[in-house]
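What follows is a single structure, written as structure tokens, with notes after it.
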Amino acid sequence: MGLSFGVIGYGYWGPNLARNIFEEDEARLTMIADQRQARLKLAAKRFPHIDLVEDSADVIRSPKTDAVVIATPVKTHYALAKAALEQGKHVLIEKPLTASVAEAEELVNLAEQKNRTLMVDHTFVYTGAVRMIHKLLESGEIGNPLYFDSMRVNLGLFQSDVNVLWDLAPHDVSIMDFLFQRSPVGLTASGSTHFGSRHENIAFMTVFYPDHLVAHINVSWISPVKIRLMLIGGDKKMIVYDDTEPSEKVKVYDRGVDMKNNGQNEESVYDILVQYRIGSMQAPRLEAMEALRMEIRHFLDCVKNGDRPQTDGRAGMRVVQILEAAARSIKQRGAFQELNLE
């Protein structure tokens, strides 16, 4: 019959998760919970034959659910996920995993104790674009990565419970975690509040790695245009990933910089010749499957085979560690924060 799912939260993202579960052959959508009757009425139109409840505890305790999907505000993630794991359910949870590192660590340990799958909905990791970039990095085609530069900005969608870093940056941080497979050593961050908001609505974060790789993330709720642009530079080739492009989201440029020393003194700037390499551009073909569909299938495979998800609880905790350190840096006006990720 397949793994049975209950979805908690039918707001902005919950309907997308519910739809992909419902359309997956090896999964069964059995329950949806939301405190708002208006949202349950919408769910009833789309899924007329499943149980709709207001109380999330009904989903967590129900024998009709093997796995619980949590698509609620981040402040509720810890309590809901803990209750589900204690009931022996597998858990797929919307990003970010929790509101603190302490909460994330407890959930990771609990999932391991209960031998249950805990996976974070870091959706972009499952896109054809990011998976292609990962393939290009793994193959060595772009050479040693030098920088990661991301801009994720738009107008509106102010969140009442978190700042713009906690809202938008988990996408970029999870992509970095998946692509580079190495731990950063520290970061700095700055941000500002406007229009009477209690939370930063524009923020900048720079993450440092031990091998001179540097990552910069710019997120904003107050941009006049929507931009989802990522640049990844290597010492052989460079990648442009524009998620707003309807096609050719990933472009690989055979461009770079070659530096040669013609003099006796290696430290002399006058003896260094800089040569710019301008080559061709290629747009590789990407997987066409919807990211959420691939994510649900990966979750099902991990539950069935006991495998570790690519975006497991520990990956989710690393993202929260970076976000928490960035929040400290913002409060200290950009002070450097050392990182020691799990």
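Key figures for this structure:
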{"read-out": "Projected label distance in nm at Arg293 and Glu86, using a 7 Å step from Cα toward the beta-carbon", "value": "3.8"}
{"read-out": "Per-residue ³J(HN,Hα) for segment 24-30, Karplus 6.51 cos²θ - 1.76 cosθ + 1.60, θ = phi - 60°, Hz, x for Gly and Pro", "value": "8, 4, 8, 10, 10, 8, 10"}
{"read-out": "Under 11 Å, Cβ to Cβ, from Ala84 - net charge with Lys/Arg +1 and Asp/Glu -1", "value": "+3"}
{"read-out": "For segment 185-193, 3J(HN,Hα) per residue [Karplus equation, 6.51 cos²θ - 1.76 cosθ + 1.60, θ = phi - 60°, Hz, x = Gly/Pro]", "value": "9, x, 7, 10, 8, 9, x, 8, 10"}
{"read-out": "In segment 274-338, chymotrypsin sites (Phe, Trp or Tyr not before Pro) in a DSSP loop with at most 15 other beta-carbon atoms within 10 Å", "value": "Phe336"}
{"read-out": "Span-rule helices in the chain, defined as complete DSSP H runs reaching 15 Å or more along the axis (Cα) with Kyte mean at least -1.0", "value": "101-114, 128-139, 164-180, 291-305, 313-331"}
{"read-out": "Along the chain, longest interval not containing exposed trypsin sites (Lys or Arg not before Pro), exposed being DSSP loop plus at most 13 other Cβ atoms within 10 Å", "value": "37-197"}
{"read-out": "Of Ser247, Ser174, Ser220, the one that fluctuates the most in a GNM where the chain has Cα springs shorter than 10 Å", "value": "Ser247"}
{"read-out": "Theoretical FRET efficiency, 1/(1+(r/R0)^6), r = Cβ-Cβ of Arg308 and Ser192, R0 45 Å, to 0.05", "value": "0.70"}
{"read-out": "Alpha-carbon centroids, segment 138-166 and segment 56-130: separation in whole Å", "value": "23"}
{"read-out": "Lys, Arg +1 and Asp, Glu -1 on Cβ, resulting dipole of the chain about Cα centre, debye, nearest 20", "value": "740"}
{"read-out": "Segment 145-219: chymotrypsin sites (Phe, Trp or Tyr not before Pro) in DSSP loop, at most 10 other beta carbons within 10 Å", "value": "Phe195"}
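All of the numbers you see were taken from the coordinates with simple rules; none came from a lab. On a predicted model such as this, the values are computed, not experimentally measured, just so you know. We place every Cβ from the backbone using ideal geometry, glycine too, and count neighbours over all the protein chains shown.
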